[in-house]
1. Suppose every Lys and Arg Cβ carries +1 and every Asp and Glu Cβ carries -1, with no other charges. What dipole size does the stretch 103-153 come out with about its Cα centre, to the nearest 20 debye?
2. When a/c reaches 1.5 or more, the comparison of a/b and b/c decides; with that in mind, is the stretch 169-267 rounded, prolate or oblate per its Cα gyration tensor?
3. With every protein chain kept in place and ligands, DNA and RNA left out, what is the accessible area per residue of the stretch 275-317? Probe 1.4 Å, answer in Å².
4. Could you work out how far apart the two model spin labels at residue 344 and residue 316 are, taking each label as a point 7 Å from the Cα in the direction of the beta carbon, and quote it in nm?
5. Suppose each label sits 7 Å from its Cα in the direction of the beta carbon; what would the residue 253-residue 238 distance come out to in nanometres?
6. Leaving out ligands and nucleic acids, note down the accessible area per residue over the stretch 117-189 with a 1.4 angstrom probe, in whole Å².
7. Compute the distance in nm between two label points, each set 7 Å from the Cα along the Cα-to-Cβ direction, one at residue 33 and one at residue 119.
8. Determine which residues of the stretch 103-130 fall in the zone a paramagnetic label at residue 168 would reach in this model, i.e. backbone nitrogen under 16 Å from the point 7 Å along Cα→Cβ.
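The values are calculated or read from the model by the stated rules, or taken from the named source; none is laboratory data. All values reported here derive from a predicted model rather than from experimental measurement. Cβ placement follows ideal geometry from the backbone for every residue including glycine, while neighbour counts extend to all protein chains displayed. Just the protein is used for accessible areas: all its heavy atoms, side chains included, with ligands, DNA and RNA removed. Shrake-Rupley method; radii C 1.70, N 1.55, O 1.52, S 1.80 Å.
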Amino acid sequence: MNRFSVPEPRVGVEPRVDGRAWRYGWAVASRRRVTIKDVAAATELSPAAVSYALRGVQTSAETQERVRRAADELGYTGNAVARALAQGRTGLVGVLSGSLQDLGEQRFVESLARGLGSHDLQMVVADADGEPERERTLARRLADQLVDGLVVSPLDPSHESWADLGEMLPVVTVGDALAGPTVGEVVFDNRAGVSMVLEHLHGLGHRRVAVMTPSRPSTPDRPSERVVAEVCATLGLDVTVVNSRHSIEDATDAADGLLGIQPRPTAVFCLSDSIACGVYAAAAARGLSVPGDLSVAGYDNHPIAGVMAPALTSVEWGMTAVAAAASGLLAAAVAGRPKRGSRAHLRVAPSLVRRASTVPPARQV
């Protein structure tokens, strides 16, 4: 039997000779990884010629097609990388999360995976863990790993490094606009979101409030935090701003310190539902009731907000639609639509979901 004489296969059974699988007329050990030499032997070309053909250079279109067909049928895994290099795409996009400890961010990334998948794109997720410097490092690493584009929920949107990144690859930002070129922005109307919560608390009669924010002290210029100061000044609210990480444990510790202040705030507005969970835990540990002793509001309307006891007043942003919009913008940019240099801008309007966690204060001390 010569190497192009292949036994007639049975349906559903891969023909084998001496423990080897026959593909493309060439016997390959079934447990061994297929190499470029196997492809070369099957096509009667040199390994160098096969490498050129897989990359689409220095060979004819007919040879390239023959080699790629052989590589696919043999199961040569290097062919996917070669094809990506030849096409200028990998099919992978980077997703840079501000913090995966944030329940709202977890839900967004999950929705984004489905949206990108509908465009035949897969994602590589990196977690900045709430640290702006780590975010910048991870952004550069993702760009260096030849991802086709990047979706980012920035911790420090005003940093100058975003300008360089936007010149390297298509970037879509979600939440806040970046200080640099992007192909798309899905920006939250933080002025409206923050205002409606603080006005809601003011309307209930609260005058001494606390705002718990996941921003670090090194990033005081995020839009939502700037709006807090402006709106509180306009409404005449006595406000205390406390920084906290997204994790429920860290938020519990930060809230415990806040609730030990005298006079204690009568309401706490959390710029993350995850942080609101920590406030609930700290209040319970101190024997305080929500909302009897303390009103609490969140900012993500994560599904957990509806099952907390009492149910949490929060802000709805339509994150499933936000993820679909972001994935669509990036997919269009990766495919070359629109041309580089243009920028799509979408502004997301919030709505306040009033629940049992916010009521008029029992007393003003």
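1. The dipole of the stretch 103-153 has a size of about 80 debye.
2. oblate
3. Roughly 31 Å² per residue, with all protein chains present.
4. Each label point lies 7 Å from its Cα, and together they span 2.4 nm.
5. 2.9 nm
6. Spelled out: the 1.4 Å probe surface of the stretch 117-189, per residue, equals 40 Å².
7. So the two model labels end up 3.1 nm from each other.
8. 124-128, by backbone N distance to the label point.
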